[in-house]
Amino acid sequence: MDDHCLRWALRSALFQAADHPDRSTKYPTADGLDFTGIDAPTPISQIASVERQNYLAINVFGWDKGVIVHHVSKQPEEEARINLLLIEKAGKFHYTWIKNLNRLLYDQSKHREQKQICERCLHGYIREDLLEAHRPECKGIGQTAVRVEMPQEGKLTFQNHHKQLPAPYVIYADFEALTTKVEGPELDPKKSNTQRTQHHETCSYCYVKVRCDGKTEAPVEYRGPNAAEHLLRALQEEDRGIQKVLANPQAMRMTSADWESHRTASRCHVCDGLLKGDSVRDHCHITGKYRGAVHSACKLKLRLSPKTTTIPVVIHNMRGYDSHLLMQAISKVEGRISCIPNNTEKYISFSLGQLRFIDSAQFLLAPLDKLVAANKPEAFQITTHYEPDHQKRGLLMRKGVYPYEYMDSWERFEETQLPPAHSFYSKLTDENISDSDYEHAQRVWETCGCQTLGNYTDLYCRTDVLLLADVFENFRKTSQKQYRLDPAHYYTSPDLSWDALLKKTGVELELLTDYDQHLFIEKGMRGGISMVSKRHARANNPAVEGYDSEKPNSHILYLDANNLYGWAMSQPLPTGGFRWVEDCDGLAGTIKDQPADGPEGFILEVDLEYPRELHDEHNAYPLAPERIVVQKDWMTEYQHGLLGVASAEVEKLVPNLRDKNHYVLHYRNLQLYLELGMKLKKIHRALCFEQSPWMEPYIRMNTVLRKQATSAFEKDLYKLMNNSVFDKLRRLIASPSFARANIFDDGLAAVEVHKSRLVLNRPVYVGMSIIDLSKTLMYDFYYGQLKNQYGERCQLLYTDTDSLLLEIQTEDVYRDMVAHAGLYDTSDYPREHPLHSVENKKVLGKMTDECAGRPIAEYVGLRPKMYSILEANGNNTKKAKGVKKASPHLWAALPQGIAVTLRFQTVDRRKRGGNSGLWAQGCLTSRHN
């Protein structure tokens, strides 16, 4: 093979030989090609440079059990494409010209009539016009060329019956780190505003192992050098012990009650299907306990194999912190490594052999101390077992206090007294310890008999592990009781809630088999609207300071829709039966009359006119938002000043008053937009589907459970189980090609690569419908209720998906709400308030007053997710995305800086000068080579 094979391949395409194309003498050596700065052999990463230097359009394909896509040219479509095949063998690479791509792919298609191939997704079409219609829609996945494969047929149903049984063992772990100081600047301040101040080195760990029946072994603790590596080796030893247990299952032990239960059983305890004389007994191989009658086929799914059964290792906030320290040590131990990444910095999970590390914070979205406070005292059985002393346990059942930054050397562990209060200062939060917290630390030291800071560290780490074990075990018990699923089998709460939904509803969702239908639906995927409609407003009514009776009364109201996506998920949603509508003109005449709860629904691609007479009325909250790149010639002079020399070539969801062309939306959105005054010019395409409110039983179940919950933990859990379903649905399958590598040490590197092929087997049509339907509730409430009630006296100030911040001119907005009480959930209002009522408590889609009846005096908004609300009682809510909540001094600086209190004087200054500044905040980051 020639290192210059790319050049020869291009020559064969540009100077096609009449005969003997395999002979180099058939091609000119003076080819006019410019390979300046191009390596030989040439990596795929340099193909774009070859294109630019030679004004060529080159596609590169590969072979991996079929043709795959390596590189698709971004040159203008009118440029003729040169298709190359990159052959890989034994670490060597060779480019060759593909004379006819359709022939190369002919044998790979089950439909031999598909002659026309899209170079980006390798999808085939029988006619050229169909291919040309497809190309504008096809961007690969995430702008990356990839071979797309669609399911040939099938339905999506609940299949993970084995996840109903408790994981045989779960290990809960945590470790602490020394924060050694970084001396001198490591980064050039002229090139970076980041300053490194500390380096984290693991110094101790603790873990506890919990069996499926709740039995535990004494916590394992270690403090010393190489703690992360030491932990991994200890866990591997636990893994080997567990595999021995699994390899020697316990014999079944049945009581007389078990025999009677088995004799009378009519349904399989695994799949819930009817037993028709084919039942067998199932038992736990760890404890020998009888579990129930099952189909013989179902029992096979429950087998615990020592070679395949994974052991969950649960660490709180592993994704954000612990995983970085563990990955630096993982190359030093033997075992197969795999991971599920968010990106090269954060991992959803990683595995070492059969140890599967998961983050409890991906299920329970709160700090550990808040999770502990949300649970009832009787939930902490493990902590009670290992700390039976009531007085000591009472001290440990709250957030511990630890001098993280004071612990900067191994010698600190030998100190024999608690350091002074100022040693607990944290750069991360920019806070000193409170007097009450320091007094608590002193009581813990004395009551628990700590002799050294080493003892105190061990106690702190052990307590966190025991509390985490109790919190997550309570979560597992609740999930198994309500959903009959064990969270320990999953990676995140969206994964768990998705299976819970499928299991509860028994739905069968049709898998899309037509790639163009998938692209069509994906084109309609748009997120929630977040925008500032008016920068500043000040209320004028008797409840606020500075009330002027000579001016009209006005109120600021902050409303939030109860579980907006839960409401949308309770509506009729697609299930299958997808077909293109043949008579779009006929549908245009009847679309207004299609029932919301009918057996069929539609997703349409339309042209809409936004009449100019609506522009003033709709200016604050335009209908039909679009994902667009805002052009510079649309911007004001002030916006140009803010933009400076930076590029604005970023696609955003922008509500605007422009006409819409080829706009994809759900038919109920179209009906509402037409009702509110937009005009339908044309339906280009329409996809019809069967629909039903199939998610409603699951959403209703969690809503009822939340009302009945007796602890804050359960209330939060049932809310999470509804919200997480939507998180799962809105995740489009992404395909990451080589982008970069993170080198953790000499023995381990994480490489980010693109998938060569992608199977699109997820119901994207459900997520798209939910997002669109949620907009109908918000628009209908604003225009159909508020604007009809107040007209121009109601103005939108700010919105963020499910919330509306409003300025309303009226004598008494709360008195007005009484007349329309059916629209609101006022259960959070004080009991003595005239509006207090539990009638609509947590009812989906009802509007809640975020301030629970407390009047708002003033509002300032600078940008989406950056605003301030000042209540009449002096409470000040400040939001600034990117500014840490745990930065009190930075927040105190906001009145003079980023966001005003966020008060109007800074807005005025920004309007005049567009000035900006920098403020320091501490954060934890990982940096690899």
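For this structure, a couple of remarks:
- Criterion: surrounded by fewer than 20 Cβ atoms within 10 Å (Cβ to Cβ), more than 21 Å from V210 (Cα to Cα), of a type in the set (S, T, N, Q) and at pLDDT 90 or above - qualifying residue of Q480, Q391: Q391
- Flag for L396 being more than 24 Å from R223 (Cβ to Cβ) and of a type in the set (A, V, I, L, M): no
- Any hit, the stretch 779-797, residues being out of contact with any helix residue (DSSP H, G or I) (no Cβ under 9 Å at 6 or more places or on another chain), part of a strand (DSSP E or B) and under 30 Å from W498 (Cβ atoms): no
- For the stretch 340-369, taking the residues that are among the aliphatic types (A, V, I, L, M) and assigned to a strand (DSSP E or B), the one that is modelled with the lowest pLDDT is identified as I340.
- From the options Y621, Y638, residue that is at pLDDT below 95 and of a type in the set (S, T, Y): Y638
- Checklist (1) within 26 Å of D470 (Cα to Cα); (2) at pLDDT below 80 applied to S331, failing item: (1)
- Any hit, the stretch 843-859, residues being touching a helix residue (DSSP H, G or I) at 6+ places or on another chain (Cβ under 6 Å), closer than 15 Å to H536 by Cβ and outside the structural domain of Y621 (by TED's automatic domain parsing): no
- Put simply, of D470, D464, D560 the only residue that is assigned to a strand (DSSP E or B) and over 30 Å from M150 (Cα atoms) is D560.
- Considered as a group, the residues in the stretch 857-889 that are of a type in the set (G, A, S) and more than 13 Å from L805 (Cα to Cα) include one that is modelled with the lowest pLDDT, and that residue is A886.
Quick grid of which residues meet (1) surrounded by fewer than 21 Cβ atoms within 10 Å (Cβ to Cβ); (2) among the aromatic types (F, W, Y); (3) part of a strand (DSSP E or B); (4) in contact with a helix residue (DSSP H, G or I) (Cβ under 6 Å, 6 or more places away or on another chain):
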residue: G677; (1), (2), (3), (4): yes, no, no, yes
residue: C688; (1), (2), (3), (4): yes, no, yes, no
residue: R706; (1), (2), (3), (4): yes, no, no, yes
residue: T710; (1), (2), (3), (4): yes, no, no, no
residue: E714; (1), (2), (3), (4): yes, no, no, no
residue: L717; (1), (2), (3), (4): no, no, no, no
residue: N723; (1), (2), (3), (4): yes, no, no, no
residue: F726; (1), (2), (3), (4): no, yes, no, yes
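- Test: residue in the stretch 834-852 that is surrounded by 21 or more Cβ atoms within 10 Å (Cβ to Cβ), part of a loop (DSSP other than H, G, I, E, B) and among the aliphatic types (A, V, I, L, M): yes
- Every condition in (1) small (G, A, S); (2) within 30 Å of R700 (Cα to Cα); (3) at pLDDT below 95 holds for G546 except the one numbered (2).
- Residue ID - surrounded by the most Cβ atoms within 10 Å (Cβ to Cβ), chosen from residues in the stretch 488-504 that are over 12 Å from the mean Cα position of the chain (by Cα) and outside any helix (DSSP H, G or I): Y490
- When the criteria are applied in full, D22 meets the requirement of being modelled with pLDDT under 80 and either part of a loop (DSSP other than H, G, I, E, B) or touching a helix residue (DSSP H, G or I) at 6+ places or on another chain (Cβ under 8 Å) (or both).
- Conditions (1) touching a helix residue (DSSP H, G or I) at 6+ places or on another chain (Cβ under 9 Å); (2) surrounded by 15 or more Cβ atoms within 10 Å (Cβ to Cβ); (3) of a type outside the set (S, T, Y); (4) assigned by TED's automatic domain parsing to the domain that holds K215; number of the one not met by D435: (2)
The values are calculated or read from the model by the stated rules, or taken from the named source; none is laboratory data. Just so it is clear, the structure is predicted and the values come from calculations on it, not from any experiment. As a convention, Cβ positions derive from the backbone with ideal geometry for all residues, glycine included, and neighbour counts pool all protein chains shown.
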